[in-house]
Amino acid sequence: MLKLKTNTRFYSYDEYYQLTQQCSANHTTTGGEQSANRIEATKLNAHRMTRIYKQIDLEEKLTKLLTNNKSINWDWLVISEAWCGDSAQCLPIIHKISELNEGIHLKIILRDENDELMNQYSTNGSKSIPKLICTNSLTNSEIGNWGPRPTEIASMVKSLKSQNPTISHDEFVKQLHFWYAKDKGLSLQADLYSLICQWMNKF
(Lines give C-alpha, C1' and ligand atoms only; values in the text may rest on other atoms or scores of the structure.)
Protein backbone atom coordinates (compact mmCIF):
# COMPACT_ATOMS: atom_id res chain seq x y z
CA MET A 1 0.00 0.00 0.00
CA LEU A 2 1.07 3.56 -0.69
CA LYS A 3 2.05 5.24 2.58
CA LEU A 4 1.85 9.03 2.91
CA LYS A 5 2.28 11.38 5.85
CA THR A 6 -0.96 12.18 7.65
CA ASN A 7 -0.41 15.90 7.00
CA THR A 8 0.39 15.50 3.30
CA ARG A 9 -0.81 18.49 1.28
CA PHE A 10 -2.64 17.41 -1.87
CA TYR A 11 -3.38 19.71 -4.81
CA SER A 12 -5.93 19.27 -7.53
CA TYR A 13 -4.59 20.16 -10.96
CA ASP A 14 -6.36 23.53 -10.85
CA GLU A 15 -4.89 24.25 -7.41
CA TYR A 16 -1.40 23.29 -8.57
CA TYR A 17 -1.81 25.42 -11.71
CA GLN A 18 -2.85 28.40 -9.58
CA LEU A 19 0.08 27.78 -7.23
CA THR A 20 2.48 27.93 -10.17
CA GLN A 21 0.85 31.12 -11.46
CA GLN A 22 1.07 32.73 -8.01
CA CYS A 23 4.72 31.78 -7.63
CA SER A 24 5.43 33.28 -11.05
CA ALA A 25 3.67 36.53 -10.15
CA ASN A 26 5.43 36.75 -6.77
CA HIS A 27 8.89 35.87 -8.13
CA THR A 28 9.13 32.74 -5.98
CA THR A 29 8.89 29.01 -6.53
CA THR A 30 8.00 25.85 -4.63
CA GLY A 31 10.50 23.75 -2.73
CA GLY A 32 13.40 24.53 -0.48
CA GLU A 33 15.68 26.14 -3.07
CA GLN A 34 14.67 29.68 -4.04
CA SER A 35 17.41 30.15 -6.63
CA ALA A 36 17.23 32.61 -9.52
CA ASN A 37 17.29 29.74 -12.02
CA ARG A 38 14.34 27.97 -10.41
CA ILE A 39 12.32 31.17 -10.07
CA GLU A 40 12.91 31.98 -13.74
CA ALA A 41 12.00 28.42 -14.70
CA THR A 42 8.74 28.77 -12.75
CA LYS A 43 7.82 31.87 -14.76
CA LEU A 44 8.38 29.97 -18.00
CA ASN A 45 6.44 26.98 -16.69
CA ALA A 46 3.44 29.12 -15.78
CA HIS A 47 3.12 30.16 -19.45
CA ARG A 48 4.07 26.69 -20.69
CA MET A 49 1.29 24.95 -18.74
CA THR A 50 -1.34 27.35 -20.04
CA ARG A 51 -0.23 26.92 -23.65
CA ILE A 52 0.11 23.14 -23.59
CA TYR A 53 -3.30 22.49 -22.05
CA LYS A 54 -4.96 24.68 -24.70
CA GLN A 55 -3.05 23.22 -27.64
CA ILE A 56 -2.73 19.52 -26.86
CA ASP A 57 -4.78 17.07 -28.91
CA LEU A 58 -5.30 13.65 -27.40
CA GLU A 59 -4.96 10.63 -29.66
CA GLU A 60 -8.19 8.91 -30.67
CA LYS A 61 -7.14 5.45 -29.45
CA LEU A 62 -6.31 6.82 -25.99
CA THR A 63 -9.59 8.71 -25.84
CA LYS A 64 -11.60 5.63 -26.81
CA LEU A 65 -9.72 3.43 -24.35
CA LEU A 66 -10.67 5.60 -21.39
CA THR A 67 -14.10 6.92 -22.35
CA ASN A 68 -15.39 3.40 -23.02
CA ASN A 69 -14.26 1.92 -19.70
CA LYS A 70 -16.60 2.34 -16.73
CA SER A 71 -14.82 0.09 -14.24
CA ILE A 72 -11.79 2.30 -13.53
CA ASN A 73 -11.36 3.54 -9.97
CA TRP A 74 -7.82 4.90 -9.79
CA ASP A 75 -5.91 7.57 -7.92
CA TRP A 76 -3.17 9.18 -9.98
CA LEU A 77 -0.68 10.76 -7.60
CA VAL A 78 1.92 12.97 -9.28
CA ILE A 79 5.05 14.17 -7.48
CA SER A 80 6.07 17.56 -8.86
CA GLU A 81 7.45 21.07 -8.24
CA ALA A 82 6.59 24.36 -9.94
CA TRP A 83 10.16 24.90 -11.19
CA CYS A 84 10.39 21.54 -12.98
CA GLY A 85 10.32 21.91 -16.76
CA ASP A 86 9.45 18.25 -17.36
CA SER A 87 6.48 18.60 -15.01
CA ALA A 88 5.23 21.66 -16.85
CA GLN A 89 5.45 19.75 -20.14
CA CYS A 90 3.73 16.61 -18.86
CA LEU A 91 1.20 17.60 -16.19
CA PRO A 92 -1.26 19.44 -18.49
CA ILE A 93 -1.39 16.33 -20.69
CA ILE A 94 -1.74 13.97 -17.74
CA HIS A 95 -4.57 16.17 -16.46
CA LYS A 96 -6.31 16.18 -19.83
CA ILE A 97 -6.05 12.39 -20.02
CA SER A 98 -7.46 12.04 -16.51
CA GLU A 99 -10.47 14.13 -17.54
CA LEU A 100 -11.46 11.42 -20.02
CA ASN A 101 -12.67 9.14 -17.22
CA GLU A 102 -14.38 10.18 -14.00
CA GLY A 103 -12.85 7.13 -12.31
CA ILE A 104 -9.37 8.68 -12.51
CA HIS A 105 -8.72 10.99 -9.55
CA LEU A 106 -5.64 13.16 -10.13
CA LYS A 107 -3.81 14.56 -7.11
CA ILE A 108 -0.46 16.34 -6.96
CA ILE A 109 2.05 16.58 -4.12
CA LEU A 110 5.31 18.52 -3.86
CA ARG A 111 8.56 16.60 -3.95
CA ASP A 112 10.43 18.54 -1.28
CA GLU A 113 7.55 18.11 1.19
CA ASN A 114 7.49 14.34 0.68
CA ASP A 115 11.09 13.24 0.78
CA GLU A 116 10.41 9.72 2.07
CA LEU A 117 7.95 8.92 -0.71
CA MET A 118 10.24 10.48 -3.32
CA ASN A 119 13.07 8.24 -2.17
CA GLN A 120 10.86 5.23 -2.87
CA TYR A 121 10.32 6.39 -6.44
CA SER A 122 13.76 7.71 -7.28
CA THR A 123 15.20 7.12 -10.76
CA ASN A 124 18.69 5.66 -10.69
CA GLY A 125 19.18 7.28 -7.29
CA SER A 126 17.96 10.68 -8.50
CA LYS A 127 14.83 12.46 -7.23
CA SER A 128 13.68 13.15 -10.78
CA ILE A 129 10.16 14.44 -11.38
CA PRO A 130 7.40 14.28 -12.40
CA LYS A 131 6.53 10.82 -11.11
CA LEU A 132 3.03 9.43 -11.56
CA ILE A 133 1.88 6.64 -9.23
CA CYS A 134 -1.36 4.84 -10.06
CA THR A 135 -3.17 3.18 -7.15
CA ASN A 136 -6.48 1.43 -6.65
CA SER A 137 -8.78 4.02 -5.03
CA LEU A 138 -10.47 1.39 -2.86
CA THR A 139 -7.44 -0.53 -1.58
CA ASN A 140 -4.70 2.11 -1.97
CA SER A 141 -2.52 -0.62 -3.49
CA GLU A 142 -0.13 0.39 -6.28
CA ILE A 143 -1.06 -0.63 -9.81
CA GLY A 144 1.91 0.95 -11.59
CA ASN A 145 3.93 4.11 -12.07
CA TRP A 146 5.43 6.32 -14.77
CA GLY A 147 8.11 8.97 -15.05
CA PRO A 148 10.01 11.15 -14.98
CA ARG A 149 10.14 11.59 -18.77
CA PRO A 150 8.42 10.03 -21.80
CA THR A 151 10.48 7.02 -22.94
CA GLU A 152 11.39 8.50 -26.32
CA ILE A 153 12.51 11.83 -24.89
CA ALA A 154 14.43 10.09 -22.09
CA SER A 155 16.31 8.16 -24.78
CA MET A 156 17.16 11.42 -26.57
CA VAL A 157 18.40 12.94 -23.30
CA LYS A 158 20.61 9.92 -22.62
CA SER A 159 22.11 10.13 -26.10
CA LEU A 160 22.66 13.90 -25.87
CA LYS A 161 24.47 13.64 -22.54
CA SER A 162 26.54 10.72 -23.76
CA GLN A 163 27.66 12.58 -26.90
CA ASN A 164 28.05 15.96 -25.15
CA PRO A 165 29.24 15.28 -21.57
CA THR A 166 30.19 18.94 -21.02
CA ILE A 167 26.94 20.43 -22.34
CA SER A 168 25.85 23.48 -20.33
CA HIS A 169 22.66 23.45 -18.28
CA ASP A 170 21.13 26.23 -20.39
CA GLU A 171 21.87 24.43 -23.65
CA PHE A 172 20.52 21.16 -22.29
CA VAL A 173 17.26 22.79 -21.17
CA LYS A 174 16.92 24.52 -24.54
CA GLN A 175 17.32 21.23 -26.39
CA LEU A 176 14.98 19.39 -24.01
CA HIS A 177 12.11 21.82 -24.52
CA PHE A 178 12.72 21.84 -28.28
CA TRP A 179 12.14 18.09 -28.26
CA TYR A 180 8.98 18.45 -26.20
CA ALA A 181 7.64 21.11 -28.57
CA LYS A 182 8.41 18.99 -31.61
CA ASP A 183 6.90 15.87 -30.02
CA LYS A 184 3.55 17.59 -29.25
CA GLY A 185 2.79 15.23 -26.39
CA LEU A 186 2.75 12.09 -28.54
CA SER A 187 5.50 10.24 -26.65
CA LEU A 188 3.80 10.75 -23.29
CA GLN A 189 0.47 9.62 -24.70
CA ALA A 190 2.12 6.50 -26.17
CA ASP A 191 3.66 5.67 -22.80
CA LEU A 192 0.41 6.11 -20.91
CA TYR A 193 -1.68 4.27 -23.50
CA SER A 194 0.58 1.24 -23.11
CA LEU A 195 0.59 1.47 -19.31
CA ILE A 196 -3.16 2.02 -19.00
CA CYS A 197 -3.74 -1.12 -21.10
CA GLN A 198 -1.51 -3.03 -18.67
CA TRP A 199 -3.17 -1.50 -15.62
CA MET A 200 -6.62 -2.40 -16.87
CA ASN A 201 -5.54 -6.02 -17.29
CA LYS A 202 -4.58 -6.23 -13.62
CA PHE A 203 -8.23 -6.38 -12.60
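For segment 124-143, how many residues are small (Gly, Ala, Ser) and more than 19 Å from the chain's Cα centre (by Cα)?
Here the count works out to 2.
Within the group TYR16, TYR11, which residue is touching a strand residue (DSSP E or B) at 6+ places or on another chain (Cβ under 7 Å), closer than 15 Å to TRP83 by Cα and touching a residue at least 60 places away in the same chain (Cβ under 8 Å)?
Within the list TYR16, TYR11, the selection yields TYR16.
Just to be sure I understand the filter: pairs with C-beta atoms under 9 Å, separated by 6 or more residues or on different chains, first member in segment 126-144 and among the acidic types (Asp, Glu), second member not in a loop (DSSP other than H, G, I, E, B). Which pairs pass?
GLU142/ILE133; GLU142/CYS134; GLU142/THR135; GLU142/ASN136
Test THR50 against the stated conditions and say whether it is over 25 Å from ILE196 (Cβ atoms), touching a Cys at 6+ places or on another chain (Cβ under 6 Å) and surrounded by 13 or more Cβ atoms within 10 Å (Cβ to Cβ).
no
For LEU62, are the conditions met, namely being assigned to a helix (DSSP H, G or I), among the hydrophobic types (A, V, I, L, M, F, W, C) and farther than 18 Å from TRP83 by Cβ?
Against the criterion (assigned to a helix (DSSP H, G or I), among the hydrophobic types (A, V, I, L, M, F, W, C) and farther than 18 Å from TRP83 by Cβ), LEU62 qualifies.
Pairs needed: first member in segment 26-50, more than 24 Å from GLU171 (Cβ to Cβ); second member anywhere, among the charged types (D, E, K, R); C-beta distance under 9 Å; at least 6 residues apart or different chains.
From residues that are more than 24 Å from GLU171 (Cβ to Cβ), the pairs are HIS27/LYS43; THR30/ARG38; THR30/GLU81; THR30/ARG111; THR30/ASP112; THR30/GLU113; GLY32/ASP112.
Pairs under 7 Å by beta carbon, first residue over 17 Å from LEU2 (Cβ atoms) in segment 98-111, partner among the aromatic types (Phe, Trp, Tyr), six or more apart or different chains?
These pairs meet every condition: SER98/TRP76; GLY103/TRP74.
Name the single residue that is surrounded by the most Cβ atoms within 10 Å (Cβ to Cβ) among those in segment 67-83 being at pLDDT 95 or above, over 18 Å from LYS43 (Cβ atoms) and touching a helix residue (DSSP H, G or I) at 6+ places or on another chain (Cβ under 7 Å).
Looking at the filtered set, the residue picked out is ILE79.
Residues of segment 16-43 being loosely packed, with under 13 Cβ neighbours inside 10 Å and under 27 Å from ASN140 (Cα atoms), which ones?
Selection gives nothing.
Return yes when THR123 is over 18 Å from SER71 (Cβ atoms), among the β-branched types (Val, Ile, Thr) and in contact (Cβ under 8 Å) with a residue 40 or more places away in the chain and no when it is not.
Values: over 18 Å from SER71 (Cβ atoms): yes; among the β-branched types (Val, Ile, Thr): yes; in contact (Cβ under 8 Å) with a residue 40 or more places away in the chain: no.
In short, no.
Looking for whichever is of a type outside the set (D, E, K, R), in contact (Cβ under 8 Å) with a residue 12 or more places away in the chain and in contact with a Leu (Cβ under 8 Å, 6 or more places away or on another chain) here; the options are LEU91, LEU77. Which one fits?
LEU77
Pull up segment 8-39, narrow it to residues that are among the charged types (D, E, K, R) and part of a helix (DSSP H, G or I), then point me to the one that is farthest from LYS107 (Cα to Cα).
ARG38
The values are calculated or read from the model by the stated rules, or taken from the named source; none is laboratory data. As the structure is a prediction and not an experimental result, all values here were calculated from the model. With ideal geometry, Cβ positions are generated from the backbone for all residues, glycine too; neighbour counts draw on all protein chains shown.
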